[in-house]
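The values are calculated or read from the model by the stated rules, or taken from the named source; none is laboratory data. Note that this is a predicted model, so its numbers are computed, not measured. Heads up, the Cβs are rebuilt from the backbone with ideal geometry, glycines too, and the neighbour counts pull from every protein chain shown.
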Amino acid sequence: MRLSARIARIQPSITLAISAKAQRLAQAGHDIISFGIGEPDFDTPAHIKEAAILAIQRGASKYTAVAGIPELRAAAAAELSRTHGVTLTPEQIVVSTGAKQCLFNILTALLDDGDEVIVPTPCWPSHVELVRMAGGVAVLCPQRAQDGFALDPEAVARLITPRTRAVLLNSPSNPTGAVYSKESLLGLAEVIRRANNPELLIITDDLYRRLCYAPTQFASFAQLAPDLAARTILVDGVSKAYAMTGWRIGFCAAPLPLATAMQTIQGQVTTNATAVAQHAALAALLGDQAPVAAMVAEFDARRQLMYRTLMAVPGIVCKEPQGAFYCFPDFSAYLHAARGGRAPQDEVALCDYLLSEVGIACVPGSGFFAPGHLRFSYATSQQKIADGLARLSVGLSRLG
Ligand code: PLP
């Protein structure tokens with residue numbers, strides 16, 4: 001069958017082959033410990049589920065306004081205004097089916113064919129694929145592993161051209177766990193001002209912003225560069241912080257013309273995010289935040305356990321993650337180029353080997369534009385982290 005040229009431009013996820021194999025092995029009765037997962041293992045807090053049940057009982061079963069129920073838009077505007085120290089109105093908020101659809105809407109509304117978006121890497125693969133789906137060109141801007149993948153504003157500056165429409169930031173980062181410092185964001189603001197192009201925008205994917213571990217704090221680009229706030233688009237949501245990945249609610253704050261264009265797109269694609277899930281997200285934003293604090297504390301304990309354990313394995317190089325729930329170590333020392341013999345050719349082969357040999361699943365870094373690395377999610381119990389990383393040591397020692 002002839003498929004569109006557009007679909008031919010999109011890469012299928014490199015992680016799919018590994019996760020499909022992990023699933024097959026688990027279904028066949030093998031004991032697999034998964035570090036591949038990109039979602040909290042916690043249940044959605046009880047008060048959020050109860051709000052959804054109440055909403056169903058009260059008849060939240062109709063279409064809503066395309067941009068979302070007014071209460072949620074107001075709550076999101078208030079929450080984002082507080083977080084970023086800016087003044088946002090509910091009219092600037094568009095609620096969508098996950099942060100992913102926010103990004104789809106933004107990029108589709110902004111990009112003409114060939115327009116460029118600078119994406120610091122390593123990055124979440126969908127950032128690149130969504131730019132491509134919208135007809136744009138994702139211009140990758142590699143950040144240095146030895147600097148813990150900190151944002152290098154001058155590296156971004158070197159890639160700005162007259163076709164650059166946006167820089168797409170993600171802090172805390174999936175996959176590196178890096179949290180961008182105030183200094184680097186101030187540096188980036190200078191770079192944007194210097195570019196002297198009012199059509200150059202900043203998109204910040206802040207989905208993991210609540211998952212920062214002391215003493216690291218989330219730094220907001222919009223807050224640090226108030227003069228650029230009108231050119232800053234905020235992507236946020238409830239998926240990661242409230243353990244609500246399956247509810248599919250994200251929201252975005254954008255300048256009014258863009259917010260209107262996003263509604264035009266969404267109105268033709270999905271209409272509104274699921275009504276019941278919007279009520280659940282409202283309860284998440286307005287309700288008790290103690291469950292979030294408890295999840296963050298547990299993630300932090302897991303982070304420290306995973307990081308300490310990985311650092312004790314000879315040859316692995318890893319910067320301490322400061323946010324999100326991923327470690328992103330460099331395993332180059334275990335690959336053929338460094339080791340020779342029967343060592344795996346690349347990180348995809350190493351993942352495959354670890355899965356077959358010792359039953360642990362992780363994600364190859366090439367999927368995030370960082371060959372040589374593997375992503376380990378610590379959104380799993382401390383017991384599984386300890387057991388799985390003990391298996392990792394065994395598997396690596398068998399490489400000779
Ligand atoms: N942004 C980043 C950086 C992510 O890692 C993810 C999910 O993994 C998303 C956005 C998508 O979020 P949602 O599940 O709300 O669509």
Exercise. Here are Thr271, Thr260, Thr245: which of them is in contact with a Ser or Thr (Cβ under 6 Å, 6 or more places away or on another chain) and surrounded by fewer than 19 Cβ atoms within 10 Å (Cβ to Cβ)?
Worked result: Thr245
Seminar exercise, completed: Here the residues within the stretch 26-43 that are touching a helix residue (DSSP H, G or I) at 6+ places or on another chain (Cβ under 7 Å) and over 20 Å from Asn174 (Cα atoms) are Ile32, Ile33
Seminar exercise, completed: Filtering the stretch 335-370 down to residues that are buried (at least 16 other Cβ atoms within 10 Å of the Cβ) and assigned to a loop (DSSP other than H, G, I, E, B) yields Leu335, Ala343, Pro344, Asp346, Gly359, Cys362, Phe369, Ala370
For this session: Could you list, in sequence order, all residues of the stretch 235-272 that are within 11 Å of the ligand (Cβ to nearest atom), touching an Asp or Glu at 6+ places or on another chain (Cβ under 9 Å) and part of a loop (DSSP other than H, G, I, E, B)?
Result: Ser239, Lys240
For this session: Within the stretch 179-192, track down each residue that is free of Cβ contacts under 8 Å to residues at least 40 places away in the same chain and in a helix (DSSP H, G or I).
Result: Glu183, Ser184, Leu186, Gly187, Leu188, Ala189, Glu190, Val191, Ile192
Seminar exercise, completed: Selection over the stretch 9-39 where residues are among the charged types (D, E, K, R) and over 19 Å from Ile385 (Cβ atoms) yields a count of 3
Problem set entry | Top-ranked residue in the stretch 381-400 [being in a loop (DSSP other than H, G, I, E, B) and modelled with pLDDT under 95; ranked as surrounded by the fewest Cβ atoms within 10 Å (Cβ to Cβ)] | Gly400
For this session: Tell me, yes or no, whether the stretch 196-218 has at least one residue that is in a strand (DSSP E or B) and over 15 Å from Ala253 (Cβ atoms).
Result: yes
For this session: Examine the stretch 211-229 for a residue that is within 15 Å of the ligand (Cβ to nearest atom), at pLDDT 95 or above, closer than 20 Å to Leu88 by Cα and of a type in the set (Ser, Thr, Tyr), and state whether such a residue exists.
Result: no
Problem set entry | Residue identified as out of contact with any Cys (no Cβ under 6 Å at 6 or more places or on another chain) and either surrounded by fewer than 18 Cβ atoms within 10 Å (Cβ to Cβ) or polar (S, T, N, Q) (or both) among Ala77, Ala109, Ala52, Ala65 | Ala65
Exercise. When you scan the stretch 181-210, how many residues do you find that are within 13 Å of the ligand (Cβ to nearest atom) and hydroxyl-bearing (Ser, Thr, Tyr)?
Worked result: 2
Problem set entry | Number of the exception - Thr176 against (1) under 23 Å from Ala76 (Cβ atoms); (2) part of a loop (DSSP other than H, G, I, E, B) | (1)
For this session: Among the residues of the stretch 285-338, count how many are hydroxyl-bearing (Ser, Thr, Tyr), touching a Cys at 6+ places or on another chain (Cβ under 9 Å) and farther than 20 Å from Cys212 by Cβ.
Result: 0
Seminar exercise, completed: Residue hits (the stretch 283-328; part of a strand (DSSP E or B) and surrounded by 20 or more Cβ atoms within 10 Å (Cβ to Cβ)) are Gly323, Tyr326, Cys327
